Amino acid sequence: MGIKDLETLRKKAKRIRFLLLDVDGIMTDGKIFVDGHGNEFKTFHIHDGHGIYLLKKTGIEVGIISGRSAKAVEYRARELHIKEVHQDARDKVKVYEEIKAKYNLADEYVAFMGDDLIDLPLLQRVGFSATAADAISEVKDVVDMVTEKKGGEGAVREVIDFILKIKS
């Protein structure tokens with residue numbers, strides 16, 4: 001796990017009340033499978049899903065902010081009882097501000113995982129920022145935590161386990 005300053009990161013993780021996730025490259029490996037009829041398929045890691053369940057069980061909310069839109073994301077979010085699902089979000093900071101207002105949150109109480117340029121403004125805004133091992137270097141350079149695992153291969157669970165360990 002790539003952590004720049006463990007003590008600072010622990011303090012940030014302890015405050016988290018809401019975890020926001022990008023989809024492609026974070027919850028998935030970033031690959032998009034399309035069949036001959038235009039149906040899109042994505043794969044999600046079961047460990048990430050169970051981590052989301054464990055996090056929500058402690059009262060920490062989870063939401064999705066994705067720049068793309070896919071029925072598979074809607075389905076997975078329903079399965080995981082994620083209420084805040086925002087797809088086709090070209091301005092992720094705007095969506096983030098709406099979520100913060102709705103839940104009466106300050107930046108310091110929110111974590112976000114993203115992996116690409118579209119995520120940078122939000123990663124630089126939240127109280128705790130993280131990315132997967134295979135994210136682009138521009139993202140890795142600014143986040144608080146870089147996981148050992150790649151996107152779609154348990155990176156979300158790695159961040160969740162860290163947060164849960166710090167909060168226990």
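Per the listing I64, I82, I118, the residue uniquely farther than 20 Å from A13 by Cα and touching a strand residue (DSSP E or B) at 6+ places or on another chain (Cβ under 6 Å) is I82.
Looking across the stretch 140-168, just one residue is of a type in the set (A, V, I, L, M), buried (at least 19 other Cβ atoms within 10 Å of the Cβ) and over 22 Å from H45 (Cα atoms), and that is V143.
Where strands (runs of 3 or more DSSP E) fall wholly inside the stretch 52-126, the ranges with 2 or more residues that are more than 23 Å from E40 (Cα to Cα) and either among the aromatic types (F, W, Y) or touching a Gly at 6+ places or on another chain (Cβ under 8 Å) (or both) are 110-113. Give me the residue from the stretch 148-168 that is under 12 Å from the mean Cα position of the chain (by Cα) and outside any helix (DSSP H, G or I) and, out of that set, nearest to S129 (Cα to Cα). It comes out as G151. For the condition part of a loop (DSSP other than H, G, I, E, B) and either hydroxyl-bearing (S, T, Y) or modelled with pLDDT under 95 (or both), S129 does not qualify. Consider the stretch 10-44 and keep the residues that are in contact with a helix residue (DSSP H, G or I) (Cβ under 8 Å, 6 or more places away or on another chain) and in a helix (DSSP H, G or I). The one that is surrounded by the fewest Cβ atoms within 10 Å (Cβ to Cβ) is K14. Out of Y75, Y109, Y103, one residue alone is surrounded by 13 or more Cβ atoms within 10 Å (Cβ to Cβ) and either touching a helix residue (DSSP H, G or I) at 6+ places or on another chain (Cβ under 8 Å) or under 25 Å from K150 (Cβ atoms) (or both). It is Y109. The residues on offer are A70, A111, and the sole one that is among the small types (G, A, S) and touching a Phe, Trp or Tyr at 6+ places or on another chain (Cβ under 6 Å) is A111.
The values are calculated or read from the model by the stated rules, or taken from the named source; none is laboratory data. None of the values given here were measured: they were computed from a predicted structure. Note: ideal-geometry Cβ built from the backbone for every residue, glycine included; neighbour counts use all protein chains shown.
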